[in-house]
Structures are given as structure tokens and as C-alpha cells.
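One structure is given here, and the rest of the page talks about it.
The values are calculated or read from the model by the stated rules, or taken from the named source; none is laboratory data. The shown structure was predicted, so the numbers you read here are calculated from the model rather than taken from an experiment. The accessibility values were calculated without ligands, DNA or RNA, using every heavy atom of the protein model including side chains. Shrake-Rupley method; radii C 1.70, N 1.55, O 1.52, S 1.80 Å.
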Amino acid sequence: MDLSVITVSYNTRDLLRGCLDSVISTLGSRLEYELLVVDNASTDDSVAMVRDCFPQVHLFDNLENRGFAAGSNQAIAESSGRYVILLN
């Protein structure tokens, strides 16, 4: 795996959708990559949107807002890329 792209989200469903669309369309098949999204207890259906529209995403559905640093560390621990991008 070349790259792990990590995004931490809280109530940003529409922005998150645009972000994931952009990453997928930009990287395409140029690299072997994985997408990891940490959702910090959003109430705007962000989790459902990711599950429905981006089944390839490794989704962490936190029950509380753990913040950016803890969410990033959570995903980094599970990532498998040689390089990691924290896309905020």
C-alpha cells in the first residue's frame, strides 16, 4: 500500500462527500491507496452517507467526539500505507 488518506469528520457530510470524491478522482489508479474516515459522533447522517456512497472507505464510527488528534491517531494505528496524509 502506497498511501493512507485519513480524514476526521464531525457534522460535515456535504464537505466530506466532496472531499472523498476529490481524492478518488484525483488519485484514481495512479497509486495503491486506502481511505480512512473517522467520524466523531456526527448527527448529520455523515456515517450513512459514507457507508452508502463510499463502501471502499474504512470508516470509524465513534460514539463521542474525540477530537482531531485522537481521531487521527485512531486511524493511523489501523492504516497500512507507506505514507500517511491527514486531510483536514
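Points to keep in mind about this one:
- Carbon and sulfur %, accessible surface of the chain computed with the full protein complex present, 1.4 Å: 49
- Cα-based helix-to-principal-axis angle, 13-27 vs the chain, degrees rounded to 10: 0
- Accessible area (Å², per residue) of the chain, counting only protein heavy atoms and a probe of 1.4 Å: 58
- Dimensionless Rg/Rh of the chain - Kirkwood Rh, Rg from C-alpha atoms: 0.94
- Residue-averaged [θ]222 nm for the chain, counting only DSSP H segments that reach four residues, each worth -39500 (n - 2.57): -12000 deg cm²/dmol
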